[in-house]
1. Here are the criteria: (1) in contact with a helix residue (DSSP H, G or I) (Cβ under 8 Å, 6 or more places away or on another chain); (2) closer than 26 Å to residue 147 by Cα; (3) outside any loop (DSSP other than H, G, I, E, B). Tell me which single one residue 271 does not satisfy.
2. Over 26 Å from residue 157 (Cα atoms), surrounded by fewer than 17 Cβ atoms within 10 Å (Cβ to Cβ) and without any contact (Cβ under 8 Å) to a residue 24 or more places away in the chain, is that true of residue 256?
3. Taking the stretch 37-50, which residues are in contact with a strand residue (DSSP E or B) (Cβ under 9 Å, 6 or more places away or on another chain) and surrounded by fewer than 21 Cβ atoms within 10 Å (Cβ to Cβ)?
4. With respect to residue 269, is the statement that it is closer than 30 Å to residue 109 by Cα and touching a strand residue (DSSP E or B) at 6+ places or on another chain (Cβ under 7 Å) true?
5. Taking the stretch 247-266 on its own, how many of its residues are part of a helix (DSSP H, G or I) and touching a strand residue (DSSP E or B) at 6+ places or on another chain (Cβ under 8 Å)?
6. Examine the stretch 74-86 for a residue that is loosely packed, with under 14 Cβ neighbours inside 10 Å, in a helix (DSSP H, G or I) and modelled with pLDDT under 95, and state whether such a residue exists.
7. With 25, 55 as the choices, which residue is over 16 Å from the mean Cα position of the chain (by Cα), outside the structural domain of residue 267 (by TED's automatic domain parsing) and within 19 Å of residue 93 (Cβ to Cβ)?
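The values are calculated or read from the model by the stated rules, or taken from the named source; none is laboratory data. These numbers come from a predicted model, not from an experiment. No Cβ is skipped: glycine too gets one built from the backbone with ideal geometry, and neighbour counts run over all protein chains shown.
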């Protein structure tokens with residue numbers, strides 16, 4: 001099936017749909033660096049780098065499935081939770097305008113877990129009504145990636161809407177699966193990283209972490225309340241602020257010292273395949289931001305009509 005991707009970022013959702021056998025024919029994001037990474041990994045997809053509000057929806061190629069990981073900050077418990085009063089939250093309504101122009105068979109939306117609870121459920125009711133009012137039948141779930149094979153706690157809301165009622169009735173979200181991999185199955189601590197990732201032993205940060213690290217199989221990071229440690233070999237949620245505050249990048253102890261994990265290792269903890277890479281033109285701070293802003297790929301998506 002042909003897929004259109006709004007707020008595509010670096011293409012995490014897009015990659016999942018392509019792994020499931022579909023084809024992304026058009027994608028949009030306004031972030032220059034995210035588009036660089038997207039084009040690097042999706043060379044055959046048309047990418048329009050622009051604010052979606054400025055895009056004439058009638059010019060988008062025909063497609064069957066609309067996917068959108070619309071901005072989550074307005075609805076996250078980590079933010080101010082202004083919701084649709086936040087300019088970033090308001091761009092959700094561009095999804096409706098795209099639906100009106102192209103009439104896709106299926107819609108797939110992803111956002112933070114708090115989306116269903118934000119503003120005492122009123123935000124989710126708006127989204128539901130925007131879709132139902134256009135004749136779509138809706139299924140949704142809130143799922144944690146570690147319950148679907150990824151060693152990271154990352155709980156997100158997923159909404160799937162169908163124009164065909166029977167297709168909606170037949171659809172089932174995947175069953176949970178046992179977690180077979182842990183952090184050190186994804187990050188090889190026996191392989192030395194570039195020297196720049198290692199903390200220098202004569203620094204305060206190194207000394208604090210040296211005392212805090214009691215389990216080499218866990219991740220650690222500086223948090224507002226001190227040093228946070230992962231549990232049971234499952235990473236805490238990777239955040240976009242890794243790119244803004246370098247001391248928030250997760251830290252691991254390997255066979256060679258104490259170091260921050262690399263942007264590529266962040267992608268591995270998101271379930272991205274090794275063939276997915278960052279171009280050299282994207283600064284490392286942006287790589288961390290992109291890795292924390294994307295989605296987990298659990299290889300479980302199977303939508304048919």
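1. (3)
2. In short, no.
3. 39, 42, 44, 45, 46, 47, 48, 49, 50
4. In short, yes.
5. 2
6. The answer is yes; a qualifying residue exists.
7. Exactly one of 25, 55 is over 16 Å from the mean Cα position of the chain (by Cα), outside the structural domain of residue 267 (by TED's automatic domain parsing) and within 19 Å of residue 93 (Cβ to Cβ), namely 55.
Residue by residue, here is whether (1) part of a helix (DSSP H, G or I); (2) out of contact with any strand residue (DSSP E or B) (no Cβ under 9 Å at 6 or more places or on another chain); (3) surrounded by fewer than 19 Cβ atoms within 10 Å (Cβ to Cβ); (4) modelled with pLDDT under 95 holds:
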position	(1), (2), (3), (4)
108	no, no, no, no
111	no, no, no, yes
121	yes, yes, yes, yes
135	no, yes, yes, no
142	no, no, yes, yes
